[in-house]
1. Ordered by packing density, taken as the mean number of other Cβ atoms within 10 Å over each peptide's residues, highest first, how do 195-205, 181-191 rank?
2. Could you state the accessible area per residue of the range 80-230 in Å², with a 1.4 Å probe and every protein chain left in place?
3. Can you give me the three principal axis dimensions of the range 148-190 from its C-alpha atoms, in Å, biggest first?
4. I'd like the FRET efficiency for Ala233 and Arg96, computed as 1/(1 + (r/R0)^6) with the beta carbon distance as r and R0 of 45 Å, rounded to 0.05.
5. Label points 7 Å out from Cα along the Cβ direction at Trp62 and Leu163: separation in nm?
6. Compute the distance in nm between two label points, each set 7 Å from the Cα along the Cα-to-Cβ direction, one at Arg88 and one at Glu22.
7. Ignoring ligands, DNA and RNA, what percent of the 1.4 Å accessible area of the range 42-119 is carbon and sulfur?
8. Relative contact order of the range 109-250: what whole-number percent is it, with Cα pairs under 8 angstrom and at least 6 residues apart?
Amino acid sequence: MKFLLCAALFCGIAHAAGSEPELLYRQAEYRIGAADANNAMAWSYPVVLPLQTPAHQRLNAWLREQALEIFQECDIAATLGLRAMPDRKLVEVLNRTPAFWECGLLQSTIAPREAFGRYVSFEVFTEYGGNGVRPLHGVKTLVFDMVGGAAVDLASLFKPGALEELNYALAKQMAKDRKRWPDCPGRKFDWSLATLRPPADLLLTFPHDPMEWSRCGDGVAVLSGRVVRAQLAQPALLQPSRRWVKQNPS
């Protein structure tokens, strides 16, 4: 069964954004190997609209590059020339490539998360067949600067030393609520797992691990309020917040 992480607080991407313009997108969605439903891979990534906007063109080119990275892990992207192929041709080629199936990929999805000031963020969720007993999952967050036209590290939006402060706050939160987090010594604050929603919320989404989750609780933690706000480098640059709105296929 495909597993997709979702926290109640952050799963609803479309939150109040006042009168600020919305960000429109459609989701490019494909099934690779759809003839075998049990082993088919779900591959998808967002395409920001309208396509003619230069800033969106840069963002969309970057998003597709991120979507293709999963195939580079199988050492087939360059060999097959996937980057130059239209999506449907890529799916057709992978369907008849044995090396692709050896990777055990089940899912690779990029989805919009937040939009604030000049920045937009996305969550990458991956799933592998694992050892045949349970799937392996990966989660990471990506941030893109719409003005600069390039990816940025989430850490760059925070003050020096913020990692130490946020990690301390997470440990303190887990120690305080032993009912929810009874045994979580391995969980640390990691920028790649964090999603920022200004002005003062940070979501941490840890990859699904059945053994860890059974003793530690689910893989979602939220830091909020002064502990987050005090670590932001330039809070004014992270406003206004905007809303992602998914468009139905035409």
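The values are calculated or read from the model by the stated rules, or taken from the named source; none is laboratory data. Everything quoted here is computed from the prediction, not taken from an experiment. Neighbour counts are summed over all protein chains in view; Cβ atoms, including those assigned to glycine, are modelled from backbone coordinates with ideal geometry. For accessibility, only protein heavy atoms count, side chains too; no ligands or nucleic acids. Shrake-Rupley method; radii C 1.70, N 1.55, O 1.52, S 1.80 Å.
1. 195-205, 181-191
2. Per-residue accessible area for the range 80-230 comes out at 48 Å².
3. 44, 17, 14
4. 0.35
5. Modelled inter-label distance: 2.1 nm.
6. So the two model labels end up 2.7 nm from each other.
7. 55 percent
8. Relative contact order, the range 109-250: 27 percent.
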